[in-house]
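The values are calculated or read from the model by the stated rules, or taken from the named source; none is laboratory data. In this text the structure is predicted, and so the values were computed from the model without any measurement. Note: ideal-geometry Cβ built from the backbone for every residue, glycine included; neighbour counts use all protein chains shown. Ligands, DNA and RNA are excluded from the accessible area calculation, which covers all protein heavy atoms including side chains. Shrake-Rupley method; radii C 1.70, N 1.55, O 1.52, S 1.80 Å.
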Amino acid sequence: MKLWKGRFKKEADPRTNDFNSSIAFDSRMYRHDIEGSIAHATMLGRQGIIGAEESEKICAELKKIRNDIDSGALAIDPDAEDIHTFVEQELTARLGDTGKRLHTGRSRNDQVALDIRLTLREDCLSLIEQLRGLLRVLCKKAGKYSAAVMPGYTHMQRAQPVTFGHHLLAYAEMLIRDISRFEDALKRMNKCPLGSGALAGTTYPLDRELTAELLGFPAPTKNSLDGVSDRDFCAEIAFAVSLCMVHLSRLCEELVLWSSWEFKFIELDDAYCTGSSIMPQKKNPDLAELIRGKSGRVIGDLTALLTMMKGLPLAYNKDMQEDKEAVFDAVDTLKLCLTPLIPMLDTMTVLEQNMRKAAAGGFINATDCADWLVAAKGLPFRDAYKITGELVALCIERGETLESLPLEEYKRVHPAFDEGVYEAISLDKCVGDRKVLGGPAPENVRAQAACVLDLLDKEEKGHG
Ligand code: ARG
């Protein structure tokens, strides 16, 4: 039965119902819908808009409905138009006329705007928890591999030496920003739209501050038209998810590369890989690839939301029903990806010797060689750069590295060279001397990893 049947002479065509219904994707909000209705009914009672006894009855029955859905005793009717309709009809079926009083001074438009906020508030908090878990694993590993020398790349060419710990901490920084983006989005969306009505508020003397307070919002929204037609928070969250997924995708791309035979910097645990049906030797990083792939769909969700909203006049338009599938898919996808990614990183084996070998073979200490000519021998940097370039060319010609090239050869290129150059270009020294703030020196990495872990501990205690 339709909520709006008075105006209509005909029943809706079943195809209209199927097309129009949102129950398939909004029933996940049933707890939040009920929570919102309890707050609304409480406020109606306190304001004397409905009787105190009726308000109590409604609240008690709504709690029962919630318990019944929780326990499976009450199944959500897939033919209901949406979750709001279902809950209200169930209440009315149980309480008769009293149930019919719940919707006083409310519209599904402000109701749905509230329910999505309540749902996403919870989803974002649980995403933040998961992201903290990932951050913790990254920092733990970074501390452990603070001195594991690896080549740093630009243009995918070996460039200068870094450490594996330093590399992981770059991702930690991205995640810290991701977490703050979710926290920031939460702050902005944390306003209660109930009381906006369909679009123009209401003539009932609602206490919007009270409803907001009962639902844990610091304040109500300030404009009824905006209250029902704002979906900025959906787009913001979808963006926070998208950017976070872009970060995870880049990390996963590196995991895929690093676990290839060409690199062999890491080995993923068997538990997080798959085999091939035909090639017996294969161990594939499917999970990492799938996370990389799923970043595409959340960017699609964000695009869908922005495009859906951009042409809508105020206030509510049915187009907006499309918001939920997009934003819920985005948050679900991130959650889904983080779940195996955290243990996959935690259990991976880091092949330090292979990283070091790769770092030793690619002239990544050439800059340090030139810097030594400047610092120890007083040459201008441009000359030092050119001389080192000649040395590299010589090494390539002879199949040598800067470490293995004999001193006579160095001297032949420039007489200023002496034994000291070998110490200056040793990888550990090259990395160890990069103590500049934010640089890869092992002591920096250890301090930074410890600092983030410390912050996480404090936050956890604060929450606990
Ligand atoms: N299912 C609807 C949605 O998700 C709820 C709001 C319906 N309001 C309306 N006036 N038809 O947007």
TODO: Compute the length gained on full extension between residue 451 and residue 386: take 0.36 nm times their separation in residues and subtract their Cα-Cα distance, giving the result in nm to one decimal.
DONE: 19.3 nm
Task: Computed helical MRE - 222 nm, the chain, DSSP H runs ≥ 4 contributing -39500 (n - 2.57), nearest 500 - done: -20500 deg cm²/dmol
- [ ] With a cut-off of 20 Å, note down the residues of region 177-218 whose backbone N falls inside the zone around a label point 7 Å from the Cα of residue 225 toward its beta carbon.
- [x] 192-203
TODO: Return the distance in nm (one decimal) between the two label points of a simple spin-label model at residue 125 and residue 63, each offset 7 Å from Cα along Cα→Cβ.
DONE: 1.9
Open item on the list: What number comes out for accessible area per residue over the chain if the probe is 1.4 Å? Units Å², please.
Closed with: 49
Open item on the list: With angles folded into 0 to 90 degrees, how steeply does helix 108-144 sit against the dominant principal axis of the chain? Use alpha carbons for both and round to 10.
Closed with: 20
TODO: Averaging sequence separations of C-alpha pairs under 8 Å and six or more residues apart, then dividing by the length of the chain, give the relative contact order as a whole percent.
DONE: 17
Open item on the list: Positive end of the dipole of region 389-451, charges at C-beta (+1 Lys, Arg; -1 Asp, Glu), about the Cα centre: which of 414, 437, 389 has its Cα farthest in that direction?
Closed with: 437
Open item on the list: In whole percent, and with a 1.4 Å probe on the protein chains, what portion of the accessible area of region 1-81 is carbon and sulfur?
Closed with: 50
Open item on the list: If packing is taken as the average count of other Cβ atoms within 10 Å, what order do 34-45, 217-228 fall into, highest mean first?
Closed with: 34-45, 217-228
Task: Efficiency of FRET from Cβ geometry, residue 407 and residue 319, R₀ 51 Å, rounded to 0.05 - done: 0.10
- [ ] Using the Cα centre as the reference, give the magnitude of the dipole from point charges on the C-beta atoms of region 319-395 (Lys, Arg: +1; Asp, Glu: -1; all else neutral), rounded to the nearest 20 debye.
- [x] 800
TODO: List the residues whose amide H sits under 5 Å from the amide H of residue 192, counting only those 5 or more places along or on another chain, with H placed 1.01 Å from N in the peptide plane.
DONE: 219, 221
Task: Rounded if a/c under 1.5, otherwise prolate or oblate - region 1-104, Cα gyration tensor axes - done: oblate
Task: For residue 159, distant residues with modelled amide H under 5 Å away - done: 152, 153, 154
Open item on the list: Apply the a/c threshold of 1.5 to the C-alpha gyration tensor of region 236-386 and tell me whether it is rounded, prolate or oblate.
Closed with: oblate
- [ ] Find how many whole Å separate the alpha carbon centroid of region 321-376 from the alpha carbon centroid of region 263-310.
- [x] 15
Task: Peptides 68-77, 293-302 ordered by average Cβ neighbours within 10 Å, highest first - done: 293-302, 68-77
- [ ] Order these peptides, 453-460, 357-364, 10-17, by their mean beta-carbon neighbour count within 10 angstrom, highest first.
- [x] 357-364, 453-460, 10-17
Task: Check: region 224-323 dipole with +1 on Lys, Arg Cβ and -1 on Asp, Glu Cβ, in debye - done: 260
Open item on the list: Explain nothing, just the number: relative contact order of region 330-464, from Cα pairs under 8 Å at least 6 residues apart, as a whole percent.
Closed with: 18
- [ ] Could you grab the relative contact order for region 32-126? Cα pairs under 8 Å, six or more apart, rounded to a whole percent.
- [x] 32
TODO: Report the full-extension gain for the segment residue 200 to residue 5: residue separation times 0.36 nm, less the Cα-Cα distance, to one decimal in nm.
DONE: 68.0 nm
Open item on the list: Can you give me the % of accessible surface on region 288-336 that is carbon or sulfur? Probe 1.4 Å, all protein chains present, nothing else counted.
Closed with: 58
- [ ] Could I have the simple spin-label model distance between residue 75 and residue 284, label points 7 Å from Cα toward Cβ, reported in nm to one decimal?
- [x] 3.8
TODO: Grab the Cα-Cα distance for residue 376 and residue 443, subtract it from 0.36 nm times how many residues apart they are, and report the gain in nm with one decimal.
DONE: 21.7 nm
Task: C-alpha long axis of helix 232-258 to longest principal axis of the chain, angle in ° - done: 30
- [ ] Find which of 287, 245, 34 sits farthest along the positive direction of the dipole of the chain, computed with +1 on the beta-carbon of Lys and Arg, -1 on that of Asp and Glu, about the Cα centre.
- [x] 34
Task: Dipole in debye (nearest 20) - the chain, about Cα centre, beta carbon charges: Lys, Arg +1; Asp, Glu -1 - done: 580
Open item on the list: Between residue 398 and residue 353, what is the label-point separation in nm under the 7 Å Cα-to-beta-carbon projection?
Closed with: 2.8
Open item on the list: Placing +1 on the Cβ of each Lys and Arg and -1 on the Cβ of each Asp and Glu in region 1-129, which of 50, 126, 80 has its Cα farthest towards the positive end of the resulting dipole?
Closed with: 50
TODO: Using the Karplus curve 6.51 cos²θ - 1.76 cosθ + 1.60 with θ = phi - 60°, work out ³J(HN,Hα) for each residue of region 40-48 in order, rounded to whole Hz, and write x for Gly and Pro.
DONE: 5, 5, 4, 5, 4, x, 5, 7, x
